[in-house]
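The values are calculated or read from the model by the stated rules, or taken from the named source; none is laboratory data. Small disclaimer: the values here were computed from a predicted structure and weren't measured. Every residue, glycine among them, receives a Cβ derived from its backbone with ideal geometry; neighbour counts consider all protein chains shown.
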Amino acid sequence: MARCSVRCDPGGGDPLRRGPSTTRTAAATFASVVAAITALAAITALAGCAGPGAGGDATAAVVRDAPRGPSATATAAGDWHGSVPRIEVPRPSFELTDTAGRRFDFARDTARRATLLFFGYTHCPDVCPTTMADLAAARRVVGRRIADRVTVVFVTTDPARDTPAVLRHWLDQFDASFVGLTGTPAQLAAAQQAVGVPVALTDQAASPDATPGDYLVSHASQVLGVGSDDRVHVRYFADTTVAEYVADLPRLAAAL
């Protein structure tokens, strides 16, 4: 499970506000994203993929450094860039509420679409904003034709602070197409169990000087990759690069 490396900012979930152990300045963040998108655009052009043109402005968010090396190298069976299930796993089924207050049936509302699913929270200072920024950057690089066939779903593990409005504002800073979901603690626990990840734990005692509303949440850091055939093909982890997502998104969309 991922655990925020520093105390989360109780004043809001701004992805540019990170703790001292993971801090990156806005200028460095902007530069790294531009470098990543520029490098990846060249990679995908050589591979015959469309250039940037879909998704939100990833340069406004925190991302890791540009992808390592000139291309992505598959690390799992079937040439996927993550962990591949040993048995056939169907698209998970659970119901939550989206940021507009509507019921969201995950299995039904994402059926026959490539889907990337992640559990996290907006006050997270590290893995959550970097993962969302990486997914936003990958969507920009693969181009609209592929990006429009991929749904990114972010499920909060901190419903007390992540109101629908807070969740929507935070996700829009990465990509306005990202789906945000919330629910009761019991519903969120059931959703995590349906996906097969550990249920998130709130650490109210993260620091002796912690104030109300100032706490960490330990949560799974994996991104579930579901294909358009409604099967789970791959699980990605926090060290997955933008280049690796770019290499896999067309396959998820085509269910190859």
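Here are a few things to note about the model shown:
- Answer residue from the range 153-194, given it is touching a Gly at 6+ places or on another chain (Cβ under 9 Å), outside any helix (DSSP H, G or I) and among the β-branched types (Val, Ile, Thr) and is surrounded by the fewest Cβ atoms within 10 Å (Cβ to Cβ) among those: Val153
- Residues within the range 217-240 that are among the basic types (Lys, Arg) and out of contact with any Leu (no Cβ under 9 Å at 6 or more places or on another chain), tallied: 1
- Residue in the range 88-105 that is out of contact with any strand residue (DSSP E or B) (no Cβ under 6 Å at 6 or more places or on another chain) and over 23 Å from Asp230 (Cα atoms) present: yes
- Residue tally, condition surrounded by 24 or more Cβ atoms within 10 Å (Cβ to Cβ) and at pLDDT below 95, over the range 122-141: 4
Table: residues versus (1) at pLDDT 95 or above; (2) within 20 Å of the chain's Cα centre (by Cα); (3) under 17 Å from Pro250 (Cα atoms).
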site	(1), (2), (3)
Ala47	no, no, yes
Gly53	no, yes, yes
Val62	no, yes, no
Pro70	no, no, no
Gly82	no, yes, yes
Leu96	yes, yes, no
Ala114	yes, yes, yes
Val153	yes, yes, no
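- Of residues in the range 224-247 being of a type in the set (Val, Ile, Thr) and either modelled with pLDDT under 95 or in contact with a Gly (Cβ under 8 Å, 6 or more places away or on another chain) (or both), the one nearest to Asp109 (Cα to Cα): Val232
- Qualifying residue in the range 101-108 (condition: within 22 Å of Asp214 (Cβ to Cβ), surrounded by fewer than 17 Cβ atoms within 10 Å (Cβ to Cβ) and either among the aliphatic types (A, V, I, L, M) or more than 12 Å from the chain's Cα centre (by Cα) (or both)): no
- The strands (runs of 3 or more DSSP E) falling completely within the range 95-151 include none with 2 or more residues that are more than 20 Å from Val234 (Cβ to Cβ), in contact with a His (Cβ under 7 Å, 6 or more places away or on another chain) and among the small types (Gly, Ala, Ser).
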